[in-house]
1. Yes or no: L118 closer than 19 Å to N101 by Cβ and crowded, with 22+ Cβ neighbours inside 10 Å?
2. Select from region 89-109 the residues that are assigned to a loop (DSSP other than H, G, I, E, B) and within 14 Å of T128 (Cα to Cα) and list them in ascending order.
3. Under the condition of being modelled with pLDDT of 90 or more and farther than 23 Å from N141 by Cβ, which residue from region 172-209 is surrounded by the most Cβ atoms within 10 Å (Cβ to Cβ)?
4. Restricting to region 70-88, count the residues that are out of contact with any Ser or Thr (no Cβ under 8 Å at 6 or more places or on another chain) and either assigned to a loop (DSSP other than H, G, I, E, B) or of a type in the set (A, V, I, L, M) (or both).
5. Determine which single condition V82 fails, assuming it passes every other condition in (1) surrounded by fewer than 17 Cβ atoms within 10 Å (Cβ to Cβ); (2) modelled with pLDDT under 95; (3) over 18 Å from L124 (Cα atoms).
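The values are calculated or read from the model by the stated rules, or taken from the named source; none is laboratory data. Since this is a predicted model, take the numbers as computed values, not measurements. Positions of Cβ are generated from backbone atoms using ideal geometry, with glycine treated the same way; all protein chains shown enter the neighbour counts.
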Amino acid sequence: MTASALQKITTLKVLNVSSNKIQTKASSDIAEVIKSNTSLEMLNVSLNKLESLGCINLCKALQKQHPNLKVFNIRSNGVKSVAANEIARTLQDKQKLEVVNVSWNEFEGGLATIVASLKSTKLLKELTLRHSGTVNQKTVNKTCQVINENSSLEVLDLGSTKLHNMGAYKIFGALEENTTLKVLNVCQNNFDDYAVKKLSFSLANNSALSELLLHDNPVSDQVIKQFVLKILSSKSNLKSI
């Protein structure tokens, strides 16, 4: 169905155009579809080639009269930090957000701006930032705030975000009150045994946890066995590490 045909529909709730090789120039047409459908709940444009300008076009369309947005997925579109502010403006007033996936883009320091925009969310179930930028101290603080404000969080993906020891320790500490987390991906980062010990104790009472990705961090086998396996495996539904 063409974009012009979709523009005639005004009750569209799901717009999923993932993996369609959509380039920047087509973003204007998708933006018009978004403007025509103020009841939109899901936008999935992942695995395309929108780049920064295309993402900005879609975000500007979403910023007005879209209070019901639940899913925002722009994974793997070559989007850079120049689009971070527009993404933040789009997300900051969306009270029904459940899924935010900005992974496999190139935000670098701009990632903090995006995460900061989620400070007022209460229903977030999935936050996926993998390979999207650097989780610096500001991003760490804002991520902790998101964790604390969203008691229903089920998926947190911070893989390959240059997460360091102190940052990881702080985020893992914020997970102490969470009992809903099912998947935690912190692979390919820069934290060691110090942070993993904190993680083990923080998630000790989380029976929902089923997947924990720790690979490609400077963590010793001894700590994995002594803390992760001993503490978490006995108290959770952990199936994969």
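1. Numbers: closer than 19 Å to N101 by Cβ: yes; crowded, with 22+ Cβ neighbours inside 10 Å: no.
Answer is no for this residue.
2. Step one: of region 89-109, the residues assigned to a loop (DSSP other than H, G, I, E, B) are 92-98, 102-105, 107.
Residues satisfying the conditions are L97, E98, V102, S103, W104, N105, F107.
3. L209
4. 2
5. Just one mismatch for V82, condition (2).
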